[in-house]
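Chemist: Input: one structure, supplied below.
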Amino acid sequence: LRMERQCANACKVAAWLATHPKVERVYFPADPAHPDAATIRRLFPEGLYGAMVSFEIRSAGQPEVFRYLDALKMVVPATSLGDVHTMTLYPNMSSHRDVSPKQRERMGIRENLVRLSVGIEAPEDILADLDKALAAC
């Protein structure tokens with residue numbers, strides 16, 4: 001039940017982020033334009049695409065990403081993801097901090113990329129917190 005709720009929330013969050021003017025690009029397996037869409041449709045049950053959503057904040061550098069992180073109230077900034085609570089991390093300062101900037105760029109991990117592990121909270125609450133944080137950067 002937890003995973004079903006997290007997946008449903010992640011679909012809502014990804015769809016909302018894709019329309020937000022402060023978001024440049026969203027990475028989520030349910031995206032029909034995903035380069036591996038055919039494989040995803042074959043392997044994932046409908047609607048169960050996981051709770052991980054990555055997105056790029058439009059025209060953001062490290063200072064703007066830090067303002068986003070600092071402005072979050074409900075979403076928890078973290079160094080590890082995967083909980084019932086919605087959490088976010090900045091790969092450049094956590095999971096990929098030991099990778100050179102040039103190598104991160106080749107991997108598609110740009111300075112404006114953040115990751116979300118969407119939790120089981122009410123999706124409206126998650127979206128409201130993200131909206132306020134995005135407005136701050």
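The values are calculated or read from the model by the stated rules, or taken from the named source; none is laboratory data. Treat the numbers as computed from the prediction; the structure is a model and nothing was measured. All Cβ positions, even for glycine, are placed from backbone atoms using ideal geometry, and neighbour counts span all protein chains on display. To get the accessible areas, we keep the full protein, side chains included, count just its heavy atoms, and leave off ligands, DNA and RNA. Shrake-Rupley method; radii C 1.70, N 1.55, O 1.52, S 1.80 Å.
Chemist: Kindly state which helices (runs of 4 or more DSSP H) lie completely within the stretch 33-125 and contain at least 3 residues that are under 19 Å from Leu17 (Cβ atoms).
Modeler: Correct list: 62-71.
Chemist: Next question. Cβ-Cβ distance below 8 Å, separation of 6 or more or different chains: which pairs start in the stretch 102-127 with a residue that is without any contact (Cβ under 8 Å) to a residue 60 or more places away in the chain and end on one that is assigned to a loop (DSSP other than H, G, I, E, B) and among the hydrophobic types (A, V, I, L, M, F, W, C)?
Modeler: Matching pairs, first to second residue: Met107/Val99; Ile109/Val99; Glu111/Ala60; Asp125/Met74.
Chemist: While we're here: From Met107, Met52, Met93, which residue is within 17 Å of Ala8 (Cα to Cα), open to solvent by 20 Å² or more (accessible area, probe 1.4 Å) and hydrophobic (A, V, I, L, M, F, W, C)?
Modeler: Just one listed residue meets the conditions, Met52.
Chemist: Return the residue satisfying two criteria in turn: it lies in the stretch 29-62 and is touching a strand residue (DSSP E or B) at 6+ places or on another chain (Cβ under 8 Å) and small (Gly, Ala, Ser), and of such residues it is farthest from Ile120 (Cα to Cα).
Modeler: For the stretch 29-62, the residue satisfying everything is Ser59.
Chemist: Cβ-Cβ under 6 Å, sequence separation 6+ or interchain: first residue in the stretch 66-90 and open to solvent by 60 Å² or more (accessible area, probe 1.4 Å), partner aliphatic (A, V, I, L, M) and assigned to a loop (DSSP other than H, G, I, E, B). Which pairs?
Modeler: Hits for this filter: Arg67/Ala136.
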